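The values are calculated or read from the model by the stated rules, or taken from the named source; none is laboratory data. In this text the structure is predicted, and so the values were computed from the model without any measurement. As a convention, Cβ positions derive from the backbone with ideal geometry for all residues, glycine included, and neighbour counts pool all protein chains shown. What goes into the accessible areas is simple: the full protein's heavy atoms, side chains included, and nothing from ligands, DNA or RNA. Shrake-Rupley method; radii C 1.70, N 1.55, O 1.52, S 1.80 Å.
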Amino acid sequence: MTNKILLIEDDDRLRRILQLVLLDAEYDVQTAADGQEGIDKWQQWQPQAVLTDLKMEPVDGLAVLNFGKNYDAQTPIIILTAFGTVETAVLAMKDGAFDYLTKPVDNLELLEIVAEALDSRQLLTEDKKELIGSSAIMLKIQQNIKRFAPTDSSVLISGESGTGKELAARGIHQASQHPEGPFIRVNCAAIPHELMESELFGHIQGAFTGATTDREGAFSRADGGTIFLDEIGDLPLQLQPKLLHAVEEKTITPVGSSQTKQINVKILSATNQDLKKMLAQKTFREDLYYRLNTVHIHMPPLRQRDGDLFLVIDHFLHMFGKKFTKPQIMLTPESLELLHAFTWPGNIREVKNVIERAVLSCEGRKINPEHLPSALQISKQIDRRKPVSISTDLHNREKQLITTVLKDCNWNQSEASRALSITRNTLRYRIKKYGISKK
Ligand SMILES: Nc1ncnc2c1ncn2[C@@H]1O[C@H](COP(=O)(O)OP(=O)(O)OP(=O)(O)O)[C@@H](O)[C@H]1O
Ligand SMILES: [Mg+2]
């Protein structure tokens with residue numbers, strides 16, 4: 001698949017030159033002449049990387065960066081900057097930009113940075129793709145995703161923070177009838193209440209002060225694909241009837257318009273709030289709740305997913321080992337024990353952060369307890385329920401898991417490593433280590 005690069009630059013000449021350089025390198029390129037046009041194209045076209053100038057009128061590169069962080073943090077943004085604004089570019093990097101290029105742009109440097117940015121995205125999205133886990137509860141969830149994704153039913157995904165609700169939503173889209181269609185995420189918690197209606201349904205020029213042009217809303221942009229209403233518990237009460245109407249009738253009316261538009265979207269929503277409680281408090285409408293909740297998927301906290309912690313740790317060790325070029329990285333038994341004893345209130349996201357920091361901070365190949373946050377050490381001291389020989393217990397369970405999966409896969413190692421989400425090398429290493437054999 002050709003990589004799609006969005007180029008946002010107000011200088012016509014430079015825009016054309018850069019476009020040619022990128023086209024020459026066989027990228028698929030679309031361009032925009034200011035920040036707003038860029039943001040609109042981003043949503044319509046879903047590029048894999050974005051190059052943006054900083055100083056543009058009326059909407060500048062920092063606004064593009066801000067938009068991107070909320071909309072799709074996986075897509076790297078490269079800043080183009082004139083000599084005088086390098087400091088702003090450096091600030092932009094702190095704010096999450098991938099890198100910056102100074103003008104006049106060196107073509108080779110441009111291609112190098114774009115390639116690097118795409119690589120980094122690849123790494124990040126690799127981890128975005130699949131829900132790791134082989135606990136009974138996760139297998140059931142994966143089954144349900146396969147079963148309900150291709151239907152028209154709305155799906156509500158609940159669960160604590162960091163349990164993979166967004167990942168599950170993306171999985172549902174991938175398994176839906178229109179995986180090639182758009183996947184539009186709306187973060188209901190991040191958008192000011194007064195802008196929410198326009199964000200969802202769009203507006204026409206002059207609908208309110210500041211509405212200088214027509215704007216498409218999330219529902220229209222998601223037409224032919226999936227809309228993901230994240231943090232749905234934060235949707236303002238007064239907007240809920242309009243959303244209910246959109247969900248029931250599959251039609252929308254932009255703010256200020258009298259024309260309705262038919263839309264064909266799969267509707268997913270997610271929340272870590274207790275919607276049932278909100279129903280009782282009348283802060284969430286019951287009719288809307290039942291509409292969104294045709295199918296309910298609950299992402300369990302990590303502490304209830306027997307055995308999944310290993311797989312998740314292993315997955316992130318590999319991912320960050322690769323990312324920070326420390327492929328041989330491993331955990332000492334003491335570290336593994338600490339990770340196992342912890343209860344992970346921040347769930348998978350927390351495991352990911354802890355492993356990332358550990359891989360980054362350790363100098364050699366081994367992650368020692370000192371590379372782990374102190375919260376883990378404390379939890380170990382106060383946790384008296386755990387048996388002393390956790391690591392032996394851990395190894396037994398891991399051995400058991402690997403053996404079961406191998407049997408399921410008829411001892412085909414490629415298949416088993418895929419099912420376990422570990423590399424073949426790791427699988428081979430474990431088979432040897434535990435002395436697992438067909439007999
Ligand atoms: N089962 C899983 N396998 C691999 N990675 C996972 C899994 N679940 C979550 N992650 C990773 O953990 C991080 C958090 O996941 P996600 O954003 O889907 O959580 P969430 O439930 O939406 O959290 P929040 O309520 O805070 O928004 C992401 O980086 C995601 O890729
Ligand atoms: Mg989320």
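Can you tell me which residue in the range 248-258 is farthest from Q174 (Cα to Cα), limited to those that are open to solvent by 10 Å² or more (accessible area, probe 1.4 Å) and not polar (S, T, N, Q)?
G256
Give the number of residues within the range 132-180 that are outside any helix (DSSP H, G or I), open to solvent by 50 Å² or more (accessible area, probe 1.4 Å) and within 9 Å of ligand 1 (Cβ to nearest atom).
Qualifying residue count for the region: 2.
One residue is enough: does the range 221-240 have a residue meeting the conditions open to solvent by 60 Å² or more (accessible area, probe 1.4 Å) and in contact with a helix residue (DSSP H, G or I) (Cβ under 8 Å, 6 or more places away or on another chain)?
no
Scan the range 346-362 for residues that are without any contact (Cβ under 8 Å) to a residue 12 or more places away in the chain and either within 15 Å of ligand 1 (Cβ to nearest atom) or crowded, with 21+ Cβ neighbours inside 10 Å (or both) and jot them down.
Result: N353, single match.
Can you pull out every residue in the range 32-53 that is among the hydrophobic types (A, V, I, L, M, F, W, C) and touching a helix residue (DSSP H, G or I) at 6+ places or on another chain (Cβ under 9 Å)?
A32, A33, I39, W42, A49, V50, L51
Just to verify a result, which residue in the range 183-210, among those that are outside any loop (DSSP other than H, G, I, E, B) and among the aromatic types (F, W, Y), is nearest to I267 (Cα to Cα)? Even if it seems obvious, please write down each step before you answer.
Filtering the range 183-210 for residues outside any loop (DSSP other than H, G, I, E, B) gives 183-187, 193-201, 203.
If we keep only those that are among the aromatic types (F, W, Y) too, we end up with 183, 201.
Numbers: F183: 10, F201: 14 Å.
Restricting to residues being outside any loop (DSSP other than H, G, I, E, B) and among the aromatic types (F, W, Y), the top hit is F183.
So which of T283, T294, T325 is away from ligand 1 (no atom under 16 Å from the Cβ), among the hydroxyl-bearing types (S, T, Y) and assigned by TED's automatic domain parsing to the domain that holds T343?
None of the other options fit; the residue is T325.
Just need a number here: residues in the range 249-287 that are within 16 Å of ligand 2 (Cβ to nearest atom) and in a strand (DSSP E or B).
Qualifying residue count, the range 249-287: 4.
Only one residue in Q304, Q273 is within 12 Å of ligand 1 (Cβ to nearest atom), within 24 Å of S158 (Cβ to Cβ) and touching a Ser or Thr at 6+ places or on another chain (Cβ under 9 Å). Which one?
Numbers: Q304 fails: within 12 Å of ligand 1 (Cβ to nearest atom).
Of Q304, Q273, the one residue that is within 12 Å of ligand 1 (Cβ to nearest atom), within 24 Å of S158 (Cβ to Cβ) and touching a Ser or Thr at 6+ places or on another chain (Cβ under 9 Å) is Q273.
Restricted to the range 259-270, and to residues that are away from ligand 1 (no atom under 16 Å from the Cβ) and within 18 Å of P182 (Cα to Cα), which residue is most open to solvent (accessible area, probe 1.4 Å)?
The qualifying residue most open to solvent (accessible area, probe 1.4 Å) is Q262.
Restricting to the range 327-345, give me the number of residues that are buried (at least 18 other Cβ atoms within 10 Å of the Cβ) and within 24 Å of the chain's Cα centre (by Cα).
The total comes to 2.
Here are K380, K366: which of them is within 22 Å of E334 (Cα to Cα) and modelled with pLDDT under 85?
When all the criteria are applied, what remains is K380.
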